[in-house]
Amino acid sequence: MVKTRLAPSPTGKLHIGTARTALFNFLFAQKNKGKFILRIEDTDLDRSRPEFEKDILEGLKWLGIEWDEPKSGVYRQSQRLDLYQQFFAQLKKEGLVYECFCTPKELEKEREEMRKAGLLPRYSGRCKGLGEDEKKKMRKKRQPAWRLDVEKVVEKGGLPEVLVFNDLIRGEIKKNVKEIGDFVVVKSDQMPVFFFAGVVDDYLMKITHVIRGEDHITNTFSQLLLYKALSISPPQFAHIPLILEKDRSKMSKRRGGSQVFDLRQKGYLPQAVVNFLALLGWSPKDDSEFLSLEELKQRFDLKGIKKGGSIFDREKLDYLAGLWIRHFKPQRLVEFFLEWLEWRSKNLGEDSLFLSIDRGQLLKIISIFQTRSVVLEDFLQAEYIFKMSDYPRELLIFKRSDLDKTKKGLENSLKAIKNYQSAWQIEKIKEVLVGVVEKSGLNNGDVFWPVRVALSGQSGSPSPQELMWVLGKKESLKRLKKALEKLSS
Ligand code: GLU
């Protein structure tokens, strides 16, 4: 059975790259009727934080990426240390690891010297030949780290000089074993490094496919040596291309907008984010673009993953987000919007007027703003529906109109609306305004423009008939009168 996993380190909020890795692993497992596992790699005690773990879990759930194992909660490496200890004991017993007492400072100096000599910096193996007496002495001074003796592992495993693995996306990848220095397996705080713990876990959890970012290719070679050292077989590897900015620079973790949290805060719908992430490096055979999670589960394959970097194209994100906002019925959007406002109030402490307004009113607002919105945040523009702010008098006059015509347009509209008694419907209200244009010999811009500005106070907004429909007759008349007063002052 296919088994994949996401193994994030909780050292930051859920990054978009990690979310995409999660999605690909999830989809691959779903497509192959396999299982997807979540494992938190928190052995870096200095940088791991519970609040980041929380953000990662929440972000995944929000996107609809659900894990099959563990059934509740998550696996945490910090709670599995005894397992790594057992495997580490095996390495020790076979003499495949040795103690290293070098300080970070010493190591940096060594690397610097190698760089100066034009060599590829790697560990020189200084501590490999320490005698028992020396080691005893050193142990009194500091706790050692433990390094893998690469030469011994190569010997034990009968490995060739050039290591090769067949990446499911990139094909054969090679590395000369000489380029791999003896690397730390257990740090001086006695914690295993994540890629050693990861080998043990992937083996124990019976992971069949490791799908992860191509920045892990170097680790893959170290891991292949660890698999050999432990006499266990590795899973298959698939390294997905990095996400790049539009100028092809690496997507920075520090730059705003690179975390799922940021997208959620902006009000992107999770469906749009999933759709966008799926297309970040992958494309279906027929190049279709508007894809739901359900469709992706049916269609995802590793063959569709491109080898080159994938560009994080914010315009494409907005394009897809707009399609998704228009896809849903206004009723559904009201739910999304309220959920989002509550999330914002909980996470950002922001309260919103929209949380206290009548649901019927909200439905109307959303239905007239839907076509002009990309993210839920865009609905916040509608605040002027209940909290009109002041606007300059000149805004009422359309660029191809003048004061007299505008006054006339507004006066006649006010009268017509006052006298209008039939159903309060968008199309009917529009007919009233069209009637005003025709009867008074004015242009559309002398009527529709000032009425719209009178109702919204904005240079851009939904049409006057839509605004009146939402505001109701009484409030609309009040705003029209106010605009006339403004013109006469
Ligand atoms: N913990 C690693 C990371 O967050 C992932 C390791 C892996 O996928 O094997 O980058």
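Helix 359-369 versus the longest principal axis of the chain: what is the Cα-based angle in degrees, 0 to 90, to the nearest 10? Around 90 degrees separate the two axes. Using only the alpha-carbon atoms, how far is helix 473-488 inclined from the longest principal axis of the chain? Give it as 0 to 90 degrees, nearest 10. Result, in degrees: 80.
Note on the stretch 85-131 and the stretch 378-435: Cα centroid distance 77 Å, given to the nearest whole angstrom. By the beta carbon rule, with partners counted only under 4.7 Å, the chain holds these lone Cys residues: CYS102. Cross-link check: pairs LYS105/LYS187; LYS405/LYS473; LYS407/LYS481; LYS13/LYS266; LYS93/LYS141; LYS71/LYS206 evaluated at a Cα-Cα cut-off of 18 Å; pairs beyond the cut-off: LYS405/LYS473; LYS93/LYS141.
Within the stretch 184-335, DSSP assigns beta bridges of which about 30% are antiparallel (rounded to the nearest 5).
What is the magnitude of the charge dipole of the stretch 341-489 about its Cα centre, with +1 placed on the Cβ of each Lys and Arg, -1 on the Cβ of each Asp and Glu, and no other charges, expressed in debye to the nearest 20? Display every interim value, and only then the final one.
Numbers: 25 positive and 19 negative charges, 107 e Å.
That gives a dipole near 520 debye.
Overall, the ratio between the Cα radius of gyration of the stretch 312-396 and 2.2 N^0.38 Å, rounded to two decimals, is 1.20. All alpha carbon pair distances within the chain were sorted into 20 Å bins beginning at 0; the resulting P(r) in whole percents reads 19, 39, 24, 14, 5, 0.
Taken over the stretch 338-483, the percentage of Cα pairs per 5 Å bin, counting from 0 up to the bin with the maximum distance, is 2, 10, 19, 21, 18, 13, 8, 5, 3, 1, 0.
Fewest to most neighbouring Cβ within 10 Å: what's the order for GLU315, GLU134, GLU41?
Result, fewest neighbours first: GLU315, GLU134, GLU41.
Farthest towards the positive end of the charge dipole of the stretch 197-268, among the residues SER233, MET205, PHE261, is the Cα of PHE261, using unit charges on the Cβ of Lys, Arg, Asp and Glu. For the chain, the residue among GLN465, GLN77, TRP62 whose Cα projects farthest onto the positive side of the dipole built from Cβ charges is GLN465. Computed from backbone phi with θ = phi - 60° and the Karplus coefficients 6.51, -1.76 and 1.60, the 3J(HN,Hα) list for the stretch 273-283 is 5, 4, 4, 5, 4, 4, 7, 7, x, 10, 9 Hz; x is used for glycine and proline.
Determine one quarter of the surface area of the Cα convex hull of the stretch 1-74, which equals its mean projected area, and express it in nm² to one decimal. Let's see the in-between values first.
Numbers: hull surface 18.6 nm².
So the mean shadow area of the Cα hull is 4.6 nm².
Each Lys and Arg adds +1 at its Cβ and each Asp and Glu adds -1 at its Cβ; summed about the Cα centre, the chain shows a dipole of about 380 debye. Overall dimensions of the stretch 209-319, expressed as equivalent-ellipsoid semi-axes from the Cα gyration tensor (√(5λ), whole Å, largest first), are 29, 18, 13. Under conditions of 37 °C and 0.692 mPa s, the stretch 254-408 yields 180 µm² s⁻¹ as its translational diffusion coefficient, taking Rh as the Kirkwood radius over Cα pairs in the Stokes-Einstein equation. If only the Cβ of Lys and Arg carry +1 and only the Cβ of Asp and Glu carry -1, the dipole of the stretch 281-325 around its Cα centre is close to 280 debye.
The label point for LEU380 and the one for LYS156, both projected 7 Å from the Cα toward the Cβ, are 5.7 nm apart.
Name the residue farthest towards the positive end of the dipole of the stretch 239-315 from the options LEU280, ILE243, LEU302, assuming +1 on Cβ of Lys and Arg, -1 on Cβ of Asp and Glu, about the Cα centre. Selected residue: ILE243.
Summing charges over all other residues whose Cβ lies under 9 Å from the Cβ of GLU99, with Lys and Arg as +1 and Asp and Glu as -1, gives +3.
Taking the longest Cα principal axis of the chain as reference, the axis of helix 330-348 is set at about 60 degrees.
By DSSP, the beta bridges lying fully in the chain are antiparallel in about 55 percent of cases.
Laboratory data are not the source of any read-out in this text; all were calculated from the coordinates shown. Note that the structure is a prediction, hence the values are computed from the model and not measured. Because the Cβ atoms are built from the backbone with ideal geometry, glycine has one as well, and the counts that use them run over all protein chains shown.
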